[in-house]
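In what follows, a structure is listed as structure tokens, so that the remarks can point back to it.
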Amino acid sequence: MSTGKRPLSPHLQVYRPQITSVLSILHRFTGIVLAVGTLHLVYWIVAAAQGPESFAAAQAFTASWLGRFLLFGWTVALFYHLANGIRHLLWDAGLGFELRQVTLGGIGVLVATGVLTLLAWMAGYGFIGSGS
Amino acid sequence: MSLRSPLGRVRGLGSAKEGTAHWWAQRVTAIALVPLALWFVASILSLIGADYATTTAWIGMPVPAVLLILLLTATFYHAQLGLQVVLEDYVHNEGLKLAAILLVKFACLVLGLAAVFGVLKIAFQG
Ligand code: HEM
């Protein structure tokens, strides 16, 4: 059977963005961002394994303006992907398919991402908890 | 009505010839990553400002070392499965698709092994 040039669904050019479609593509996007972010993690561990000089260089990079910017990106991506991933797992278990639940869950994921990111960075800058 | 042939149904492998193994491994690693990722973020926060000796002493302790290795294994296994699906969706040239998937798998293996080796080196020789 030839499927020729049939349009795929959803046809993105004419598809109005909705919370469901936007959060769905964000899961994929944050997954890719996190995969890139593993480079930072591996660099940090390998530098620590190599010795004090390499470790100091890695710490300096992470503490730099660029390093902090990247770190902020990894935390947002991680918290979003984690919260939305739990939603995925609930769907896989057959739960939460009503339109209202999907919308509320999506809003919940966005709120959780914001709150967890804020908490982590407040702890990081010593406003709460034991960070310094 | 099922469109599958009786043989196809018995084998249960579907068009990708691997059944649900890929899908299932993606879920198992996802479930493992929920506590591991939260533990990791909390640990990193508690290590802010720590010097080389303190950081490596922490990495080398039995519980953090084992949890780090679990985190790294689950992360790279999960990432490699996930990126494979993304490439399957967007790369339409068969040769290029295969090359890209292999590249991702090798890269994940190398990065994962390098980091696990780093943790073990710190744990066993400081
Ligand atoms: C922290 C806990 C995590 C959870 C709960 C989680 C959960 C999930 C789930 C359920 C999926 C499947 C989504 C689907 O069927 O469309 C998925 C896909 C994916 N994950 Fe994760 N994940 C986590 C961490 C990570 C990390 C650390 C990385 C990267 C290193 C990552 C990279 C990916 C990628 C690339 C995909 C494929 C996205 C797609 O097919 O659209 N995930 N994740």
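The values are calculated or read from the model by the stated rules, or taken from the named source; none is laboratory data. In this text, all values refer to a predicted model and were calculated from it rather than measured experimentally. Here Cβ is always computed from backbone atoms with ideal geometry, including for glycine, and neighbour counts include all displayed protein chains. Protein only, heavy atoms only, side chains kept; ligands, DNA and RNA dropped before computing areas. Shrake-Rupley method; radii C 1.70, N 1.55, O 1.52, S 1.80 Å.
The single condition from (1) open to solvent by 40 Å² or more (accessible area, probe 1.4 Å); (2) part of a helix (DSSP H, G or I); (3) in contact with a helix residue (DSSP H, G or I) (Cβ under 8 Å, 6 or more places away or on another chain); (4) away from chain B (no Cβ under 11 Å) that residue A:66 fails is (3). Residue count for segment B:59-81, restricted to those that are more than 16 Å from residue B:111 (Cα to Cα) and facing chain A (nearest Cβ under 10 Å): 2.
Identify all residues within segment A:77-111 that are of a type in the set (A, V, I, L, M), farther than 17 Å from residue B:40 by Cα and open to solvent by 30 Å² or more (accessible area, probe 1.4 Å); write none if there are none. First the steps, then the outcome.
Just the residues of segment A:77-111 that are of a type in the set (A, V, I, L, M), to begin with: A:77-78, A:82-83, A:86, A:89-90, A:93, A:95, A:99, A:102, A:104, A:107, A:109-111.
Now restrict to residues that are farther than 17 Å from residue B:40 by Cα: A:86, A:89-90, A:93, A:95, A:99, A:102, A:104, A:107, A:109-111.
Those that are of a type in the set (A, V, I, L, M), farther than 17 Å from residue B:40 by Cα and open to solvent by 30 Å² or more (accessible area, probe 1.4 Å): A:86, A:89, A:90, A:93, A:95, A:99, A:104, A:107, A:110, A:111.
On the given criteria, is residue A:128 in contact with a helix residue (DSSP H, G or I) (Cβ under 6 Å, 6 or more places away or on another chain) and away from the ligand (no atom under 16 Å from the Cβ)? Before you say what the answer is, go through the steps one by one.
On the way: in contact with a helix residue (DSSP H, G or I) (Cβ under 6 Å, 6 or more places away or on another chain): yes; away from the ligand (no atom under 16 Å from the Cβ): yes.
Here the answer is yes, as residue A:128 does meet what is asked.
Answer with yes or no whether residue A:49 is facing another protein chain (nearest Cβ under 8 Å), open to solvent by less than 60 Å² (accessible area, probe 1.4 Å) and away from the ligand (no atom under 16 Å from the Cβ). Answer is yes for this residue.
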